[in-house]
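The structure appears right after this line, and notes come after that.
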Amino acid sequence: MWSIEAAARAARSPATLVIIELLYLAWKTRGTTFPVANLRLRQRGASKEIKRRVLRDLERGGVILVERRPRKAPVITLIGL
């Protein structure tokens with residue numbers, strides 16, 4: 001997993017980092033529904049704007065569902081990954 005993350009960084013692809021984080025969180029929680037906080041993504045080089053854009057694009061593509069909550073991390077449900 002970490003070699004994939006290193007490759008995404010080398011390719012300067014923060015969107016890929018967001019997708020990797022989604023897959024990691026699904027594995028870690030052993031489920032398909034989980035919150036996605038900004039801190040871990042920011043530590044890996046993906047801003048909250050990148051996160052917002054990627055989540056929007058994945059939702060439009062029918063890959064995830066996003067429950068947006070005011071002042072809290074969005075809750076993601078994987079439906080197509």
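Observations on the model:
- Burial ranking of peptide ranges 40-51, 17-28 (average Cβ count within 10 Å, highest at the top): 17-28, 40-51
- Contact order normalised by residue count of the chain, Cα under 8 Å, 6+ apart, percent: 27 percent
- Helix 14-29 and the longest principal axis of the Cα set of the chain meet at an angle near 60°.
- For segment 2-78, the alpha carbon convex hull comes to 85 Å³ per residue, rounded to a whole number.
- Difference of contour (0.36 nm per residue) and Cα-Cα distance, Arg44 to Val75: 9.2 nm
- Nearest-20 debye value, the chain charge dipole, Cβ charges on Lys, Arg, Asp, Glu: 360 debye
- Folded to 0 to 90 degrees: helix 48-60 orientation relative to the chain principal axis, Cα: 60 degrees
Read the figures in this text as sums done on the coordinates, not as results from a lab. Since this is a predicted model, take the numbers as computed values, not measurements. As a convention, Cβ positions derive from the backbone with ideal geometry for all residues, glycine included, and neighbour counts pool all protein chains shown.
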